[in-house]
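These notes concern the structure reproduced below.
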Amino acid sequence: MNYQNITVAGSGVLGSQIAYQTAFKGFQVTVYDINDEALQHAQDRIAKLKPLYQQDLGVTQEEVDAAYARLTFKSDLAQAVANADLVIEAIPEVVAIKTDFYTQLGKVAPAKTIFATNSSTLLPSQFAAATGRPAQFLALHFANTIWKNNTAEIMKHAGTDMKVFEEVVEFARAIGMVPLPLYKEQPGYILNSLLVPFLDAAELLLIKEVADPETIDKTWMIGTGAPLGPFAILDIVGINTAHNIVEAKAAATGDENMKKLATLLKTEYIDKGKLGRATGEGFYTYPNPNFEKTDFLKG
Ligand code: NAD
């Protein structure tokens, strides 16, 4: 892997973090967004990351300033990718917007450039044709607060060149991530393929009135030694997101339990402002939730 120049397209929540982390690890980074106003927001957003890096990683002012100095901001796509070895796309999760972006990008990027999407829910095969270079396209998926939650799920589609895949795995490691290679397309990557069914199973035990959330969490924690049970995790994910997932499943399958669950989450939690950890209450109250108390696992 001899990537040097990286372009990050889209400079919102994740794009700004990806750009700054990549620059922090010594790469030259061009940030591309639709207009100068968006780029101004990006500069503000990235500047706010500097104290967080100092606080969380214990790095110096010089280091965070040097990282910032490796960033260039451009709103002209052809200029932004003129010398890019890799373009990481973090634009809105909307199929039409991404398709249009890849169609434009495929026309203006040099032949050498590799494209990677940070999409959380869409698959690379949905855009492979639009890129005009399917063999040089794959998914590279980061988690929010990338400098602390440093996973990078790297996912092929059927047509991705294996050499490109391996280069991107190496690149992910070079920017301080733990690379997690997926050799086949999988909606939800690895984490959500495990987590979503696990949380569904816990919620179904609740809606079928088999057991209450604390008992379910205790069972999981004592039985496996895990630090958190599913309802404590749901409080971190947020009840809004949990509700959206359950509601979509209820609509797609017509499953009565999922419908009941969607109603419960809406009426008993969302409507009462219990959105999870972020609002101080969800299945538990914060700070000092019951599952953190010393006697929680004892009886
Ligand atoms: P966001 O809304 O915060 O940012 C999107 C950015 O894209 C904005 O700066 C916007 O101006 C820009 N944009 C819009 N249209 C564009 C275009 N045609 N070309 C270039 N830039 C354009 O979004 P986000 O939360 O950063 O999500 C971006 C991508 O990252 C999505 O695919 C999402 O699934 C993925 N992702 C998000 C998270 C998260 O926690 N937010 C985590 C992992 C992956």
- Considering only residues of the range 24-42 that are touching a Ser or Thr at 6+ places or on another chain (Cβ under 8 Å) and without any contact (Cβ under 8 Å) to a residue 40 or more places away in the chain, which is farthest from the ligand (Cβ to nearest atom)? D36
- What number of residues within the range 187-210 satisfy the criterion of being surrounded by 15 or more Cβ atoms within 10 Å (Cβ to Cβ) and of a type outside the set (A, V, I, L, M)? 4
- Counting only residues in the range 1-23 that are within 12 Å of the ligand (Cβ to nearest atom) and either of a type in the set (D, E) or assigned to a helix (DSSP H, G or I) (or both), the one surrounded by the fewest Cβ atoms within 10 Å (Cβ to Cβ) is identified as V13
- Task: Go through (1) touching a residue at least 40 places away in the same chain (Cβ under 8 Å); (2) over 20 Å from N149 (Cα atoms); (3) surrounded by 19 or more Cβ atoms within 10 Å (Cβ to Cβ); (4) within 11 Å of the ligand (Cβ to nearest atom) and name the single condition S75 misses.
- Result: (3)
- Quick one: P110 ticks every box in (1) exposed (fewer than 15 other Cβ atoms within 10 Å of the Cβ); (2) part of a loop (DSSP other than H, G, I, E, B); (3) within 10 Å of the ligand (Cβ to nearest atom) bar one, so which box is it? (3)
- Answer with yes or no whether V87 is within 22 Å of the chain's Cα centre (by Cα), closer than 16 Å to G15 by Cβ and within 14 Å of the ligand (Cβ to nearest atom). yes
- Would you mention how many residues in the range 282-299 are out of contact with any Pro (no Cβ under 7 Å at 6 or more places or on another chain) and closer than 16 Å to T241 by Cβ? 1
- Item | Any chance L138 is touching a strand residue (DSSP E or B) at 6+ places or on another chain (Cβ under 7 Å), part of a helix (DSSP H, G or I) and assigned by TED's automatic domain parsing to the domain that holds R173 | no
- Task: Mind listing just one residue for me: the one in the range 251-289 that is polar (S, T, N, Q) and not in a helix (DSSP H, G or I) and, of those, farthest from G238 (Cα to Cα)?
- Result: N288
- Output for the range 125-150, where each listed residue is farther than 18 Å from V81 by Cβ and in contact with a Ser or Thr (Cβ under 6 Å, 6 or more places away or on another chain): A139, A143
- Exactly one of E209, E281, E214, E268 is modelled with pLDDT of 95 or more and within 27 Å of A143 (Cβ to Cβ), and that one is E281
- Y102 being in the same structural domain as N149 (by TED's automatic domain parsing) and in contact (Cβ under 8 Å) with a residue 40 or more places away in the chain: no
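The values are calculated or read from the model by the stated rules, or taken from the named source; none is laboratory data. What you see is a predicted model; the values in this text were computed from it and never measured. All Cβ positions, glycine included, derive from the backbone under ideal geometry; neighbour counts span all protein chains shown.
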